Structures are given as C-alpha cells and as structure tokens.
1. With touching a strand residue (DSSP E or B) at 6+ places or on another chain (Cβ under 6 Å), open to solvent by 40 Å² or more (accessible area, probe 1.4 Å) and at pLDDT 90 or above as the only criterion, which of His78, His37 stands out?
2. Sort through Glu163, Glu189, Glu195, Glu150 and tell me the only one that's surrounded by fewer than 18 Cβ atoms within 10 Å (Cβ to Cβ) and touching a helix residue (DSSP H, G or I) at 6+ places or on another chain (Cβ under 9 Å).
3. Condition first: open to solvent by 20 Å² or more (accessible area, probe 1.4 Å), touching a Pro at 6+ places or on another chain (Cβ under 8 Å), at pLDDT 90 or above and outside any loop (DSSP other than H, G, I, E, B). Can you find one or more residues in the stretch 246-264 that meet it?
4. For the stretch 94-107, state whether one or more residues are within 20 Å of Thr258 (Cβ to Cβ) and surrounded by 17 or more Cβ atoms within 10 Å (Cβ to Cβ).
5. I'd like the residue in the stretch 52-71 that is of a type in the set (Asp, Glu) and more than 15 Å from Pro319 (Cβ to Cβ) and, out of all such residues, is farthest from the chain's Cα centre (by Cα).
6. Which of (1) over 19 Å from the mean Cα position of the chain (by Cα); (2) within 28 Å of Val211 (Cα to Cα); (3) part of a loop (DSSP other than H, G, I, E, B); (4) of a type in the set (Gly, Ala, Ser) does Gly273 not meet, given it meets every other one?
7. Against the definition (free of Cβ contacts under 8 Å to residues at least 40 places away in the same chain, open to solvent by 40 Å² or more (accessible area, probe 1.4 Å) and either touching a strand residue (DSSP E or B) at 6+ places or on another chain (Cβ under 9 Å) or not in a helix (DSSP H, G or I) (or both)), how does Asp27 come out, yes or no?
8. Could you look through the stretch 164-214, keep only residues that are acidic (Asp, Glu) and out of contact with any Pro (no Cβ under 7 Å at 6 or more places or on another chain), and pick out the one that is farthest from Gly62 (Cα to Cα)?
Amino acid sequence: MGGSVLFPTSVVGSMPRPDYVKDLISDDFTGSPGDYHRWMEGAIRSVVALQECAGLDVVTDGEWWRKSYIGVIAELAHGFELSRNPADGRPWTIVVDKLSPKNPGFIAREAEFLSSITKRQIKATLPAPALLGERMWDAKLSAKAYPTRESFVEACVPILRRELELLQKQGASVVQIDDPHLCLFVDPEVRRQYENPDRAADFAVEMTNQVVSGVKDVHLAVHLCRRAGARGRGELQHSGGYDAIIPQLNRLQVQHLTMEFTAPGAGDMAVFGKLREDFEIGLGCVSCQPGCIDSADAIFDRVELALKHLAPERITLNPDCGFAPGSAAVVSIDEVYTKLKNQVAAARRLREKYA
C-alpha cells in the first residue's frame with residue numbers, strides 16, 4: 001500500500017459525518033434522488049479534500065454513502081428487514097429471508113466515484129461474513145431462512161465475493177475486510193462464552209478466505225477492530241493481546257493486517273514476530289478517542305517501538321479504527337483533521353530517518 005513510499009498513511013475507513021450528511025442518509029430525507037446524489041457527491045468531495053490536505057497517501061470516501069458499515073449488505077442483497085434491537089433499541093438490520101442479489105456493484109460504484117475525484121490511492125471496505133453473522137442473525141427471527149448462524153454466514157460469502165470482484169475490476173487500490181468479530185477472540189471473557197473459541201475463529205477466517213481467495217491485482221487487507229469505535233459511544237472495549245488469534249491470522253489470505261496499538265490492552269508489539277513475514281502491518285498509532293489528540297512526536301515514538309520488530313517497508317500508519325462509530329456518536333471533523341495532520345507529520349519524520 002502506498003506504492004514505493006515508506007510509511008504510507010491512510011484512514012481505516014469511516015470519517016465523522018457532519019449533521020447534514022446524517023440528514024442525507026436518514027430515513028426522513030425528503031429530497032429528490034437527484035438532490036441526494038448531487039449533495040452527497042459534494043459532501044464526499046469535501047471529505048476527500050480534507051484527507052488530501054492533511055497529506056494522506058490513501059484516501060476513502062468516509063463511508064458516507066452508507067447508513068451502516070455492516071448494514072451495507074442490505075444494499076447488496078434481498079432478505080433483510082430493519083427493526084429495533086431489543087437489547088438497546090437501536091436500528092437493527094436482520095436477515096429474515098433467503099438472500100438473493102439485489103444491487104450488485106453498490107460498493108463498486110462508491111469506489112468508481114471516489115477514483116474519479118482523486119489521484120491518490122483509494123481504499124474500499126467490505127464487512128467480513130462472520131461479522132454479519134454475529135450482528136444480523138437472530139435465533140428466532142432468522143431461523144426460518146437460516147436455521148444456524150453459520151448457514152447465514154456461508155450465504156453471505158458469494159454476495160461479498162461478487163462485490164470484491166467488481167471492486168477489482170473497478171481498480172480499487174486497497175480492499176479492506178472489516179472484522180471486529182475475529183478480534184473478539186483476543187478477550188479471555190469472550191473466549192469463555194464459546195464451547196470452542198478456536199473453532200469459531202477458524203470459521204471466521206475460512207469465510208473471509210472464501211471471499212478473497214484467488215482475487216488478483218488488488219491489495220487485500222483485514223481490519224482487526226477491538227471496538228476502538230466504541231470509545232465514541234460508550235461500548236465495551238475488549239482487552240487481551242493478539243497472541244490468542246495468531247494461528248488464525250497467519251491463515252488469512254491477505255497481504256495487510258490493520259491492528260490497533262494505542263489502547264493499553266492491545267498487548268506487546270513483540271507479537272509482530274509471530275506473524276507471517278509477508279504481512280504488511282497497518283499500525284494503529286493514532287487514537288480515535290474524542291478529545292485525545294496524539295502529537296506527531298507521540299505517533300513517531302509508537303512507530304519506533306514497532307520498528308524493533310518490523311522492517312520499515314512493512315509498516316503503514318493509520319488510526320486505530322474508523323472515526324464514525326455510529327450515527328449517535330458526535331466526533332469533531334476538525335479534530336480528526338488535526339490528528340491526521342500529525343500522523344502525516346510523523347510519517348515524514350520517519351521517512352527522513354529511514355529512507
């Protein structure tokens with residue numbers, strides 16, 4: 001990622017949504033389809049300009065076209081309905097019928113527009129199939145269509161695979177599979193909830209590998225999220241080092257792993273020595289916590305720690321997670337701009353030192 005540039009910089013995916021963008025994607029939007037597309041295209045031009053102005057090497061559209069980074073699957077396939085999660089009352093997209101293709105190319109069209117407005121490398125994101133199973137299958141409401149969570153996950157694979165193939169044809173530089181579910185298995189408390197946590201983690205990897213296997217000419221990544229986005233909305237953040245899932249990570253058929261390392265519970269960077277040597281590491285070196293702005297010096301020092309275990313050519317710089325952890329979270333886009341500028345400043349210092 002980033003071509004021949006050392007320490008390329010990017011965001012993980014999402015960017016904070018101003019209120020008018022939240023209005024555009026809300027169910028209450030009353031404008032015409034033409035208005036929607038014109039205004040959203042203008043909004044995305046602005047968030048790309050922000051990233052370019054900050055100096056990033058790889059940019060995204062902030063995931064602003066999507067109501068949800070997970071719920072985007074409902075744009076790609078029939079079989080879902082929107083309800084309210086009984087646990088917390090939030091909007092909940094849940095599978096209730098057999099999946100069938102609905103709008104193939106929705107994400108590819110996001111990437112097409114993004115590539116038309118920037119000369120930087122672009123990143124597109126897809127949810128991992130096991131993550132969809134964790135969030136969108138319910139034992140009562142989904143059982144008629146898919147008796148088991150695993151059967152629903154397996155049905156998601158061809159839908160996501162088709163989208164990845166379209167992204168490859170579209171010329172996306174990087175396609176990232178977001179998988180907070182796999183990273184749950186770093187937490188001893190979570191592992192105790194499974195009869196066989198390693199088997200469950202193996203299944204998550206197998207499903208992601210079925211999505212990406214054999215796809216060429218695109219840089220494939222997996223984002224291992226420890227609920228960093230939860231810092232913006234008060235959810236549980238999971239502790240535990242990555243050692244617990246090293247065997248699974250080493251079987252992922254991707255070139256790049258995005259890993260969080262600003263959180264105290266992330267574990268020791270010596271774990272990099274246990275990963276395949278061909279992995280490029282997207283080093284989470286910028287906090288997503290609202291109100292916490294890492295200086296360029298602090299970011300530089302974090303990367304220096306990683307360089308004790310990784311060659312410079314293997315490291316890319318990014319925040320721990322996406323910056324838009326849900327529609328209810330309030331995150332300052334100007335604060336994020338400052339964070340990204342500091343990330344880029346740290347990368348420049350690193351290039352000067354290690355060129």
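The values are calculated or read from the model by the stated rules, or taken from the named source; none is laboratory data. Owing to the predicted nature of the structure, the values given are computational and were not obtained by experimental measurement. Cβ: placed from backbone, ideal geometry, glycine included. Neighbour counts: every protein chain shown. Ligands, DNA and RNA are excluded from the accessible area calculation, which covers all protein heavy atoms including side chains. Shrake-Rupley method; radii C 1.70, N 1.55, O 1.52, S 1.80 Å.
1. Just a single option satisfies the conditions, and that option is His78.
2. Glu150
3. no
4. Looking for residues that are within 20 Å of Thr258 (Cβ to Cβ) and surrounded by 17 or more Cβ atoms within 10 Å (Cβ to Cβ), one finds at least one in the stretch 94-107, hence yes.
5. So, considering only residues that are of a type in the set (Asp, Glu) and more than 15 Å from Pro319 (Cβ to Cβ), the one farthest from the chain's Cα centre (by Cα) is Glu52.
6. For Gly273, the exception is condition (3).
7. When the stated conditions are applied, Asp27 passes them.
8. The residue in question is Glu195.
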